[in-house]
Amino acid sequence: MINVENKVVLITGASSGIGEATARLLAEQGAKVVLGARRTDRLEAITSDIRRAGGAADFRHLDVADAQSMQDFVGFAKERFGRVDVLFNNAGVMPLSPMAALKTNEWNAIIDINIKGVLNGIAAVLPIMEAQGSGQIINTASTGAHAVAASCGVYCASKCAVRAISEGLRQETDRIRVTVISPGVTTTELGHDITDPDAAEILTQLRAMSLSPAAIANAVLFAISQPPEVDVNEMIVRAVTSHGHAF
C-alpha cells in the first residue's frame, strides 16, 4: 500500500489484541515492524509468523512505564532498520473499579502505563523524527476519552490525557504527523486485570457488541497510508449497534 511499504513501524502492546493485529497487517503491506511488550514469548511467536509469511519484523522486551526500557526499544529499532518512521503507542491497561473501592495501586498502574507510557514513547522517538524531518506518532485513546461512565473514571481520565497530549504535540510540530485513534469496545485482553466483580460484569456486557482488533488495525493502516501532506488527527471507531451506546 502507498506510503506504507518499507516504513519502520514500532508497536507497543504488540503481544496480543490491537497491537498484534496491527503488526500482522502492516507487515503484510510491506512495513518493517518492531514489536514491543512484556511477554516476549508471544512477541517471538508473532514475529516468527510474520517472517515465515515473507514480512520484515523484529521484537524486544518493553515496559512502557520504564523510560529507559522505551529508549532501549526505540534504539534497537533504529539500529535494526536504520530509522523510525512510525510509533504506535498502543499499550494500555483498564482495571475498572468504582472510586469508593480505593484500588489505588490500579489507579497508579493506569497512570504509569496509559499516560506515562505514551509520554515515554514520545520522548524516545521525537529527537529521531525531528532529525529525520519526518515521522508519525499514533496514540491509542478510547471512546472513553469522549464519554465517562461509572467505574471508568480513572481509565477515562487517562485516555482524555492521551488526547490532550496528542493535540498539544500536533500543534508544536510541522514535521511529525500525530494521530489519535479512539476505539470503541474491542475484543482484546484489555480489562483482564479487572478485580472488581461488578466492573467485570459491565465489561462482559459491553463486549457483546464489540469490534474485532482487525478493525482498529485497519484504522492505523489508513492513517499511515495517507500522503505525507495529509495528517489524520483523530479517528473514532465504534461497532455498529442498534443501541447507540456511548462506548
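Residue-by-condition table, conditions (1) closer than 22 Å to V9 by Cβ; (2) in contact with a Ser or Thr (Cβ under 9 Å, 6 or more places away or on another chain); (3) at pLDDT 95 or above:
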{"site": "A150", "(1), (2), (3)": "no, no, no"}
{"site": "V180", "(1), (2), (3)": "yes, yes, yes"}
{"site": "P183", "(1), (2), (3)": "yes, yes, no"}
{"site": "D193", "(1), (2), (3)": "no, no, no"}
{"site": "D196", "(1), (2), (3)": "no, yes, no"}
{"site": "F222", "(1), (2), (3)": "yes, no, yes"}
{"site": "S225", "(1), (2), (3)": "yes, no, yes"}
{"site": "V232", "(1), (2), (3)": "yes, yes, yes"}
Inspect all residues belonging to the stretch 130-141 and state whether any of them is farther than 25 Å from E167 by Cα and among the hydroxyl-bearing types (S, T, Y). no
Mind listing just one residue for me: the one in the stretch 39-72 that is assigned to a helix (DSSP H, G or I) and aliphatic (A, V, I, L, M) and, of those, nearest to A14 (Cα to Cα)? L43
Which of the residues that make up the stretch 161-179 are in contact (Cβ under 8 Å) with a residue 40 or more places away in the chain and assigned to a loop (DSSP other than H, G, I, E, B)? T173, R175
Would you check if there is a residue in the stretch 10-31 being within 25 Å of I113 (Cα to Cα), at pLDDT 95 or above, hydroxyl-bearing (S, T, Y) and over 14 Å from the mean Cα position of the chain (by Cα)? no
Sort out which residues of the stretch 1-38 are surrounded by fewer than 24 Cβ atoms within 10 Å (Cβ to Cβ), part of a helix (DSSP H, G or I) and among the acidic types (D, E), and write them in order of number. E28
What number goes with the only condition from (1) touching a residue at least 12 places away in the same chain (Cβ under 8 Å); (2) out of contact with any strand residue (DSSP E or B) (no Cβ under 9 Å at 6 or more places or on another chain) that Q68 does not pass? (1)
Could you list, ordered by first residue, the pairs with Cβ atoms under 7 Å in which the first is in the stretch 130-152 and in contact (Cβ under 8 Å) with a residue 12 or more places away in the chain and part of a helix (DSSP H, G or I) and the second is among the basic types (K, R) and surrounded by 14 or more Cβ atoms within 10 Å (Cβ to Cβ), at least 6 apart or interchain? Q132/R83; T143/R238; G144/K159; A145/K159; A145/R163
Among S182, S158, the single one that is in a strand (DSSP E or B) and closer than 27 Å to N105 by Cα is S182
Go through (1) of a type in the set (S, T, Y); (2) buried (at least 16 other Cβ atoms within 10 Å of the Cβ); (3) modelled with pLDDT of 95 or more and name the single condition T104 misses. (2)
Would you confirm whether or not the stretch 80-99 contains a residue that is within 18 Å of V34 (Cα to Cα), over 13 Å from the mean Cα position of the chain (by Cα), at pLDDT 95 or above and not in a loop (DSSP other than H, G, I, E, B)? yes
What residue, of F59, F76, F88, is of a type in the set (F, W, Y), touching a residue at least 40 places away in the same chain (Cβ under 8 Å) and surrounded by fewer than 20 Cβ atoms within 10 Å (Cβ to Cβ)? F76
Which residue, of L62, L10, L35, L25, is in contact with a helix residue (DSSP H, G or I) (Cβ under 9 Å, 6 or more places away or on another chain) and closer than 20 Å to S134 by Cβ? L10
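The values are calculated or read from the model by the stated rules, or taken from the named source; none is laboratory data. Everything numeric here is computed off the predicted structure, so don't read it as measured data. As a convention, Cβ positions derive from the backbone with ideal geometry for all residues, glycine included, and neighbour counts pool all protein chains shown.
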